[in-house]
1. Excluding ligands, DNA and RNA, what is the solvent-accessible area per residue of segment 279-428 at a probe of 1.4 Å, expressed in Å²?
2. Using DSSP to define loop residues, name the GluC sites (Glu not before Pro) in segment 406-469 whose beta-carbon has at most 15 other beta-carbon atoms within 10 Å.
3. At a Förster distance of 45 Å, what's the computed FRET efficiency of Thr552 paired with Arg493, Cβ-Cβ distance as r, to 0.05?
4. Under a Cβ-Cβ cut-off of 12 Å, what is the net charge of the residues other than Leu475 that fall near it, where Lys and Arg count +1 and Asp and Glu count -1?
5. Could you list the chymotrypsin sites (Phe, Trp or Tyr not before Pro) in segment 323-415 that lie in coil according to DSSP, counting only those with at most 13 other Cβ atoms within 10 Å of their Cβ?
6. Computing the accessible area with a 1.4 Å probe over protein heavy atoms, can you report the carbon and sulfur percentage for segment 685-753?
7. For the pair Ile344/Glu442, report the inter-label distance in nm, with labels modelled 7 Å from Cα in the Cβ direction.
8. Compute the distance in nm between two label points, each set 7 Å from the Cα along the Cα-to-Cβ direction, one at Glu634 and one at Gln670.
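The values are calculated or read from the model by the stated rules, or taken from the named source; none is laboratory data. None of the values given here were measured: they were computed from a predicted structure. Cβ placement follows ideal geometry from the backbone for every residue including glycine, while neighbour counts extend to all protein chains displayed. These area figures cover heavy atoms from the full protein model, side chains too; ligands, DNA and RNA do not enter into them. Shrake-Rupley method; radii C 1.70, N 1.55, O 1.52, S 1.80 Å.
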Amino acid sequence: MDEAAAAEAVQLIDGEGEFAADSAERFMAAAGVAGCGLSYAVVSIMGPQSSGKSTLLNQLFGTNFREMDAFRGRSQTTKGIWIARCVGVEPCTVVMDLEGTDGRERGEDDTAFEKQSSLFALAISDIVLINMWCHDIGREQAANKPLLKTVFQVMMRLFSPRKTTLLFVIRDKTRTPLEHLEPVLREDIQKIWNSVAKPEAHKDTPISEFFNVQVTALPSFEEKEEQFREQVQQLRQRFSNSIAPGGLAGDRRGVIPASGFLFSSQQIWKVIRENKDLDLPAHKVMVATVRCDEIAHEKFSCLTSDAEWMELESDVQSGPVPGFGKKLGYIVDVHMQEYDKEAIYFDEAVRTAKRQLLKSRVLNLVQPAFQKMLAHLRTRALEKYKTELNLTLESGKGFAAAVRDTTESNLNEFDQGCADAVIEQADWDYSKILEKVRRDVEDHTLSIREGKLSELTNHAKEKLRKALVEPVESLFDAAGPSTWASIRNLFKRETEAILPEFQKNLAGFEMESATSEGMVSKLRDYARSIVENKAKEEAGKVLMHMKERFTTVFSHDKDSIPRVWTGKEDVRAIAKDARSAALKLLSVLAAIRWDEKPDKIEKILTSTLLDGSVTSKSKGASASSDPLASTTWEEVSPKYTLITPSQCKSLWKQFKAETEFAITQAVSTQQAHKRGNGRLPPPWAMVAIAVLGFNEIMTLLRNPIYLFLLFVGYLLVKALAVQLDINREFQNGVVPGIISVTAKLIPTLQNILNKVATEQQQQQGHHQDAAAEAPQQQQPPPLLLSPRSPMSELRRPLHMPFSPVRKAVSPSPSSSSSTVTSPRNAGEDQKPRQMVQPDNESNNAYSIV
C-alpha cells in the first residue's frame, strides 16, 4: 500500500449532498480498507467553520486535508465530507473531515446539510471529534449544543443504540485548568441528553449506554505552535490500538465488515437525505461568541506586551510614580477602544458581555500595580509623619497638639495621592488602605506617647531617688528621737518640689484629669516606697548599726576623742549610755512612722530591755507581764512594722552577747594600767636590797673595770638582739622563738667574731700604707668593728630584714666615705619585714666590739 496515496484526501459527499461513489471506491482500493475485515476504525470531526478541524486532522493523523489560508481571509475551505486514511496508526483508521457548521456560504436558513452531515458522522463513526472553542464552554448557544440535541433525537429514532466515543477537543485553551472546564462541559452534555425525547425502550437509558464522552484540550496553534504540536503527538498515542478492549473506539457492536463499509455508508446517507424535516437552529450567537472571544484575547495579549505598560509596571515596583492614575488609564482606554472597533458588527449582547469580560481581565492585570502604588504611598506617609512629629516635638510644642496637626496634614496628603492613582475605568475603593494608614499613625503615636510618658516618669523617679535615698540613709545613720520627723519633712519638701513639675509636663498630653492624678499618685507612692524600702534595708542591718552606735559611744568621749582607760572612768555608766544609744536606734528602726502620732516603742524597749523589768497596770488589778512577747506594736499598723517586739528581744540578747567583750576589755585595760603604775618595788624591798647588796656595790665602785665589762656585755647582747631580730622571731610564739634564737646564736656569734678579725686586719694594713705615704698625718687607731662595715654578710645567715644605710662619725677619711646596705634576699621570705633601725646603744655596741 502506498502511504502517500492512502493519505490523499478524497471527497466522499460533495457540497450539494451527492454521494461520490466512484471516488469512494477508488479510495477504498488505494487505501486497502476493504481487506481489513473488522480490524478498522472510523474517526470523524465536526465543529464550526474555520475552527482548525482540517489542521488538527493533518497534524494528528498525517493526512493532507485542505487547510484555510489565513492570509486570504476566513472562508469555507472544506465543502461536503472528505475522507482519508491515517498514516502510521494501527489498526487501519479512516478519517472523515466534515464541512464546518454555521458557514456564511450556506446562510443562516439552509442548515439541513450541516444537520445531515453531523448525523451521518455519528452514525458511521467509532470516534467523533467535536472541535470547540474554550470560550464557548458554559454558553447555551455555543459548543454545538443545539446540533447535538437534534442529532441525539434523530439517531435514536433512526438507528439502533450503539456506543460511540465523543472526544471533545477544546481549542485555544486558556489558563483555566482542564479539570475545571471538563465538569462544566459534561454537565452541559448531560442536560442535552436529559432534554431529548426518547422512545419508551430507552426512556431511562443513561447517556453512557450510547456515548463514551471524553474531553481533551489543546493550546492555540497560531500562538503556541510548538506546544500545540507536542500535545497533538501525545493525543495521537491514544488512537493506537483504538479497537482493542478498553481502547478509544469504544463499543464495536454491529460493526460492518470493511468490504461492506462503502455500501453501508451510502445507504445510511440516503436515509438521512430523505428526512428533510430536521430543523437545527442557526449558530449566529455562537459565531459572535467565538469571534468576540478571539478579539478580546488578542487585545489582552497586546496589553500584556505593551511597552508603556511594562515600563509603568517596572517603575511602580521601585517606588511611587507621579501621575500613575493618568498613565494607567490612558493605556487601558487605548486597548478597550481597539476592541470596540473590531467587534462592532457582531451581536450586541455577545459583544457587550465579552467586553465586560475583557475589562475584568484587564483590571485584574493592572490592579497589582495599583496596590503596589498604594503601598508606596502608605510607607511614605508613615515615614513623613514620624519625621514631622519628631521635629514638632523638638520645637517645644505640646504632644497632643503636635500629633493632631501632623496627623491631619499627612492623612490629607495620602488621600489625595490615592485619588490620583485611581483610573476612570475602575471603581477601586482605597478606603481600607486609608484606614490602615490611620491605624499605623495611631500605633506610632501611641508608641511615642508611651515612650514620652515613660521618660518623664523615669526622670521624676530618678530625681526622687537621688533626693531621698542618701538623705534618708544619713538620717538613719544618726538615728534619734527626731529621725522620723526629719524624714517626713524631707519627704514633703522633695515631693512638693518634684511632683508639681511632673504634673505640669503632663499638661501637654491633654489627658483626662483622673489619669493625670493617677500618675502623680503613683509617683508619690513610689517616693514613699523609696523611704520604706530604705527603712527595711536599714532594719535588716540593725544589729550592725547598734554595735556601731555602741562602739562609738563607748569608745569615745563627748568630744569624739578615743577614750584611754586609766582607771578613773566609770565603765558601768559608760556602757549603760552606749547601750541606751543603741536601744534608741533600735526603737527608730522598729517601725515606719508616716504620721505624727506618738508611740511607746522606745519606752517599752527601755523599760524592758535596759532597766530589766516592766510593770503593766490595768484598771482594778496589776500583773507582771512581758510586753515584748508579741508580734505587733501598740498603735502601729502591721504593714508599717519593721521589727516585731519579739525580734527586738532576740536582737537585744544577741547585741549584749557581742558587746560584752568590749566592756570586759575596758575593765581589763583599767586593771593593767593600775598595775603598770605600781612597777617599782615597795620601800621595804629597796631597803633590803641596799643592806644585803652593800658589799657588791662597794666592789663595783672600787673596781671600775667591772662596770666597763658589764656595759660592754650589755652592748654585745643588744647587738645580738638586733642581729637576730628577736621581735620577729617571737611573733609566732614563745617556744618557737626560743628554739629559733638558740639555733642561730652560736653561728651568729662566730660570724661576728670572724668579721671583727677580718676588719681589724684590713684596717691595720690600710693604716700602715697611709703612715708610709704621709707620716706627718696622725690618725687615731681604728675601731675593731665600725657600723659602716658591710653587714650583709653577717645578716644573710641570720635571715635579717632589710636594714637602711648606717653612718657613724669617724676621724678616718677612708671610713667616712663608705656606706653599708644590707638588702634582704626576697626569695628567703615572701612576708614583708619591718625596717630595723639600730638605736644609739646598738651603734655604740658595734663601735666598742
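1. 52
2. Glu424
3. 0.95
4. -2
5. Here the chymotrypsin sites (Phe, Trp or Tyr not before Pro) that fit, given the DSSP loop and packing criteria, are Tyr345.
6. 76
7. 5.3
8. Taking the two extended label points, one gets 3.7 nm.
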